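Working notes, structure below.
Throughout, read-outs are computed from the coordinates displayed, never taken from laboratory work. Predicted, not measured: the structure shown is a model, and the values here were computed from it. Counting neighbours? That spans all protein chains shown, and the Cβs are built from the backbone with ideal geometry, glycine included.
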Amino acid sequence: MQRRELVQAGALLGLTGWSSGALAHHGWSSFDQDRPVYLEGKAAEVKWRNPHAELVLEVAENLTLPADLARRPLPAQTAGIDGPALLAKTVLPSRRDKRWEIELAPLFRMGQWQVPEIKNGTAMAVVGFTFKEEKGEAIIRAEYIFVDGKTYGLRSSPA
C-alpha cells in the first residue's frame with residue numbers, strides 16, 4: 001500500500017472510531033514466549049498492511065532445524081531480547097500443519113528494518129511463538145524472519 005493510501009485508510013479508521021489496535025489479531029501475551037519455534041517455506045497470501053503485515057507460510061516438506069540456527073548473527077534491537085539464547089532453544093512445532101499464518105510487525109517497523117516487501121512465492125524462514133500448547137489456529141507471532149540471507153528482528157526498532 002502506498003503512503004497516501006495508508007494515510008487515507010488511517011483517516012477513515014479515525015472517522016469511524018476504529019483504531020489500528022482494535023484491528024490487531026493478538027497481543028504478545030497470547031503466545032508462548034518460552035518456546036520459540038522454527039518454520040521455513042514459501043510465502044503465500046501476503047497481506048502487506050496495518051495493523052501488521054501477515055502472510056501464510058507454506059511449510060517446506062521434511063522441515064528440519066538448520067544446523068547453524070543458534071549461531072546465526074542477529075541484528076541489534078531496542079528491546080532487551082537475548083536472541084542467541086532464543087535461537088539456541090528454538091524447536092520445530094509439534095503440530096504438522098502445512099500452512100501457518102505468520103504475524104509480522106507493523107508496516108512502520110518493517111520499514112525501519114528495511115524489510116523488502118514480501119511477495120507470494122518468497123522463500124523465507126521464521127522463528128516465533130505459537131499459541132500456548134500450540135492449541136487453536138496455526139499462527140506464529142514472528143520474532144525473527146530470514147529473507148534473502150538477511151535476518152530481521154521484529155519485536156522492536158533497530159538499535
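Annotations
- Think of each Lys and Arg Cβ as +1 and each Asp and Glu Cβ as -1; about the Cα centre, that makes the dipole of region 25-153 roughly 100 debye.
- Set K89/K132; K47/K89; K47/K98; K42/K98 screened for pairs whose C-alpha atoms are more than 21 Å apart: K47/K89
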